1. Collect residues whose amide H, placed 1.01 Å from N in the peptide plane, falls under 5 Å from the amide H of S229; neighbours closer than 5 in sequence don't count.
2. Within segment 140-168, which residues have the backbone N less than 18 Å from the label spot 7 Å out from E272 along Cα→beta-carbon, could you tell me?
3. Once amide H atoms are placed 1.01 Å from N in the peptide plane, what residues at a sequence separation of 5 or more from A127, or on another chain, have their amide H within under 5 Å of its amide H?
4. Work through the residues other than A129 whose Cβ is under 15 Å from its Cβ and net out their charges, Lys, Arg +1 and Asp, Glu -1.
5. With each pseudo-label sitting 7 Å past Cα toward Cβ, what's the R251-D177 distance in nm, one decimal?
6. What does DSSP give for the chain in terms of the percent of beta bridges that are antiparallel, rounded to the nearest 5?
7. For a quick check: with amide H placed at 1.01 Å from N, whose amide H comes under 5 Å from E49's, ignoring anything fewer than 5 positions away on the same chain?
8. Spin-label point model (7 Å from Cα, Cβ direction): what's the V147 to K279 distance in nm?
Amino acid sequence: MSATKSYFRRRFGLAILGGMTLALAAAGVTYAQSSSESVRTIKIATAAESKPLSWGALGVEPQGYEPDVLRAINAKLPQYKFEMEGAADIAQETGLATGKYDIATGGYYKSEARAKQFFIPENPMGASALKIYSRKDSNINSMKDLVGKRIAPFTAGGGTYRFVVKWQEENPEYKLDIRASDAGIPFPNRLKEVHNGKNDALILPSNLGEQVVIEEQKLDLQVSEPVFSASNYPLIHKSDENKALLEDVNRVLKELKDDGTLSKISQKWFGEDITNYMK
């Protein structure tokens, strides 16, 4: 074989090898990009000051029952990356409606209005009991004791509002002062308004951390026995893209309840098994 032919064969072989290397490298880059893009980031708004349910201001890693449940959900859904941040109540639902957030959690009840606006899983992520918060000298221990009293306004369309309206319809002989508001006042401020006498009573889900606020702020308040209990659900931004997210979250919530994970997280944060309240 002549030196010239040998030279060209070597050059030709190197060219082919180089081409294959570049092709494999390109394929590797494409695969890496595809693999990375397959993990979808899910933006989540959690309650910012509802210890032990959830707390953690913007820039602070959320802690509490619901953040732990969200982490347990994410552990079973590796196709998503959950990113949580604390947000005020009114900012949560506004951000969810506009698509800023994909999910919002904050001890939410199901309601007809919310079901029209957001996706809501069939399986709950928690539960809470409604209780009445009033001054210790008020003698308010039940719904009937609220007749003639100034009750703090309820979030319009919320589960607590729906419960009180329904209770009023079923007990027309007991006329209550029912007012709805979209002011979005944080519940610690609302508790202080009862303590200071602006309102006589406040009805809230008991898993928001009210007792911590009462003790830390030394509020002269008492708490009634539960007047109602119901399940809580995550709210999901309604879009075609989130239909799969809804199905995935719904399936995993059932798994976490069935395998006892929700019970363990509940015992950790509430000292009791709130899954017993789930309906």
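1. Counting only residues 5 or more places away or on other chains, the set is L130.
2. Taking a point 7 Å out along Cα→Cβ of E272, the residues of segment 140-168 whose backbone N falls under 18 Å are 141-143.
3. Sorted by chain and number, the residues that satisfy this are N232.
4. It works out to a net charge of -2.
5. Using points 7 Å along Cα→Cβ, the separation is 5.1 nm.
6. 60
7. Excluding prolines and chain starts, which carry no amide H, the hits are G56.
8. Placing both labels 7 Å along Cα→Cβ, they lie 2.5 nm apart.
The numbers here are math on the coordinates, done by the rules we state, and not lab data. This is a predicted model, so every value here is computed, not measured. In this analysis, Cβ positions are derived from the backbone assuming ideal geometry, glycine residues included, and neighbour counts consider all displayed protein chains.
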